[in-house]
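Peer 1: Sharing a structure below in structure tokens format, with a few things to ask.
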Amino acid sequence: MVPYKEALEEIFKSISLEENKGEIAKYIPELEKVNPDNFGVYFSTLNEEEYGLGDWEKKFSIQSISKVLSLSLAYKILGASIWERVGVEPSGNAFNSLVQLEADLGIPRNPFINGGAMVICDLLISNLKNPKEDFLDYVRKLSNCPNIEFSESVAKSEKKIGYRNIALCNFIKSFGNMDNHPDEVLDFYFNMCSIEMNCYELTKTFTYLKDNNFKTEDGEKVLTSSQVKRINAIMQTCGFYDESGEFSFKVGLPGKSGVGGGIVAIFPERYCITVWSPRLNEKGNSYRGMNFLEAFTTKTQLSIF
Ligand code: GLN
């Protein structure tokens, strides 16, 4: 048996003692209110060996981690046709970059940069009766946590300063890669990013990417094995924006980060782990989260490679 518990405890302790570097995501005013030194971890294996450390019960803004969930729902509803609207290549650019989109004629490189996530939001709006409610229901079903909610204050706060996202959305619309009105797409996008969860809830939500045989409480297999493989693959190559190569190199697992300071990483058929620490490095990924996961796969000597 892998001594996961010992590794988690040791690494948590040693990282807690180190200086906590980086900045909280202040560009969204509401996120500035969070204590930058919160630090939580939740770990769960395939056979439900589970451990929570530090602030694992405190809710936080999952931000871009939600993009995996919206992609999964669009993929489930529409299948491979979604790849006509968004690519699967790493962008090598910041998550909110505009320059590449012009050269790519409005087809975002992948579904995890902001533009790509907006195209996915557009697809969901066109294909769901009550887009926001139906998306939230889907997330609740995946996690089996009925109390997951959007944060109205975070969504509002981001809407107020979302000039760059507004530009991105309009830019995509101008290329004809958006069916709905940009205001509607942005409203969905900001709400989706505002979802709050704690480390436990995020880890539970991502069980469907950890366990190929995952079924919801009512017995539904949400994605095919091939779809699960592909989503994990995109997380591996695109989950950390222009630091995706670095995360892959250091950690060796598929994962996804958000500017709320959360990172979820999956070891398919073995475990899922969420680390939350709000201080971000200059690429917008959690400073302690990256360090924790690098130490964890190093210490356990286990990664997908
Ligand atoms: N809502 C954030 C934004 O659009 C999400 C970014 C992120 O988490 N990387 O800027």
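The values are calculated or read from the model by the stated rules, or taken from the named source; none is laboratory data. Nothing here was measured: the structure is a model prediction, and the numbers come from that model. Heads up, the Cβs are rebuilt from the backbone with ideal geometry, glycines too, and the neighbour counts pull from every protein chain shown.
Peer 1: Looking at region 12-34 only, could you name the residues that are surrounded by 13 or more Cβ atoms within 10 Å (Cβ to Cβ) and either among the polar types (S, T, N, Q) or not in a loop (DSSP other than H, G, I, E, B) (or both)?
Peer 2: Passing the criteria: Phe12, Ile15, Ser16, Asn20, Glu23, Pro29, Glu30, Leu31, Glu32.
Peer 1: Across region 54-89, what is the total count of residues that are buried (at least 21 other Cβ atoms within 10 Å of the Cβ), over 15 Å from the mean Cα position of the chain (by Cα) and not hydrophobic (A, V, I, L, M, F, W, C)?
Peer 2: Qualifying residue count for the region: 2.
Peer 1: Test of understanding: among Ser61, Ser72, which residue is within 13 Å of the ligand (Cβ to nearest atom) and touching a helix residue (DSSP H, G or I) at 6+ places or on another chain (Cβ under 9 Å)?
Peer 2: Of Ser61, Ser72, the one residue that is within 13 Å of the ligand (Cβ to nearest atom) and touching a helix residue (DSSP H, G or I) at 6+ places or on another chain (Cβ under 9 Å) is Ser61.
Peer 1: If you don't mind, another one. Specify the residue that is nearest to the ligand (Cβ to nearest atom); the eligible residues are those in region 1-46 that are under 22 Å from Glu201 (Cβ atoms) and hydroxyl-bearing (Ser, Thr, Tyr).
Peer 2: So, considering only residues that are under 22 Å from Glu201 (Cβ atoms) and hydroxyl-bearing (Ser, Thr, Tyr), the one nearest to the ligand (Cβ to nearest atom) is Tyr42.
Peer 1: Using the structure shown, decide if Ser126 is touching a residue at least 60 places away in the same chain (Cβ under 8 Å) and either in contact with a strand residue (DSSP E or B) (Cβ under 6 Å, 6 or more places away or on another chain) or more than 15 Å from the ligand (Cβ to nearest atom) (or both).
Peer 2: Spelling it out, it is not the case that Ser126 is touching a residue at least 60 places away in the same chain (Cβ under 8 Å) and either in contact with a strand residue (DSSP E or B) (Cβ under 6 Å, 6 or more places away or on another chain) or more than 15 Å from the ligand (Cβ to nearest atom) (or both).
Peer 1: With respect to Ser194, determine if the residue is under 20 Å from Glu133 (Cα atoms) and buried (at least 24 other Cβ atoms within 10 Å of the Cβ).
Peer 2: The answer is yes for Ser194.
Peer 1: Could you please tell me which pairs satisfy a Cβ distance under 7 Å, a separation of 6+ or placement on different chains, a first residue in region 291-305 that is closer than 14 Å to Pro254 by Cβ, and a second residue that is among the small types (Gly, Ala, Ser)?
Peer 2: Going by the 7 Å Cβ cut-off, the qualifying pairs are Leu293/Ala265; Thr297/Gly252; Thr297/Ser303; Ser303/Gly252; Ile304/Gly252; Phe305/Gly252.
Peer 1: Condition (residue is modelled with pLDDT of 95 or more, touching a helix residue (DSSP H, G or I) at 6+ places or on another chain (Cβ under 6 Å) and not basic (Lys, Arg)) applied to region 78-86: is it met by at least one residue?
Peer 2: Yes, the conditions are met somewhere in region 78-86.
Peer 1: Here's another thing I want to ask about it. Restricting to region 185-204, count the residues that are within 16 Å of the ligand (Cβ to nearest atom) and among the charged types (D, E, K, R).
Peer 2: Of the residues in that region, 2 qualify.
Peer 1: Also, I was wondering about something else. Glu57 fails exactly one of the following numbered conditions: (1) over 18 Å from Met235 (Cα atoms); (2) in contact (Cβ under 8 Å) with a residue 60 or more places away in the chain; (3) touching an Asp or Glu at 6+ places or on another chain (Cβ under 9 Å). What is the number of that condition?
Peer 2: Single failed check for Glu57: (3).
Peer 1: Considering only residues that are in contact with a Lys or Arg (Cβ under 9 Å, 6 or more places away or on another chain) and within 21 Å of Asp211 (Cα to Cα), which ones fall in region 239-256?
Peer 2: Residues satisfying the conditions are Gly239, Lys256.
Peer 1: May I pose another question? Among the residues that make up region 102-118, is at least one of them within 16 Å of the ligand (Cβ to nearest atom), touching a Pro at 6+ places or on another chain (Cβ under 9 Å) and farther than 23 Å from Ile263 by Cα?
Peer 2: no
Peer 1: With region 205-305 as the region, which helices (runs of 4 or more DSSP H) entirely inside it contain at least 3 residues that are more than 13 Å from the ligand (Cβ to nearest atom) and surrounded by fewer than 17 Cβ atoms within 10 Å (Cβ to Cβ)?
Peer 2: Numbers: elements: 207-210, 225-238, 244-251, 287-299.
Answer list for region 205-305: 225-238, 244-251.
Peer 1: Here is a further query. Looking at region 35-50, which of its residues are surrounded by 15 or more Cβ atoms within 10 Å (Cβ to Cβ), of a type outside the set (A, V, I, L, M), outside any strand (DSSP E or B) and in contact with a helix residue (DSSP H, G or I) (Cβ under 7 Å, 6 or more places away or on another chain)?
Peer 2: If the condition is that a residue be surrounded by 15 or more Cβ atoms within 10 Å (Cβ to Cβ), of a type outside the set (A, V, I, L, M), outside any strand (DSSP E or B) and in contact with a helix residue (DSSP H, G or I) (Cβ under 7 Å, 6 or more places away or on another chain), then Phe39 is the only one that fits.
Peer 1: I need a count of the residues in region 158-170 that are surrounded by 21 or more Cβ atoms within 10 Å (Cβ to Cβ) and more than 10 Å from the ligand (Cβ to nearest atom).
Peer 2: Qualifying residue count, region 158-170: 1.
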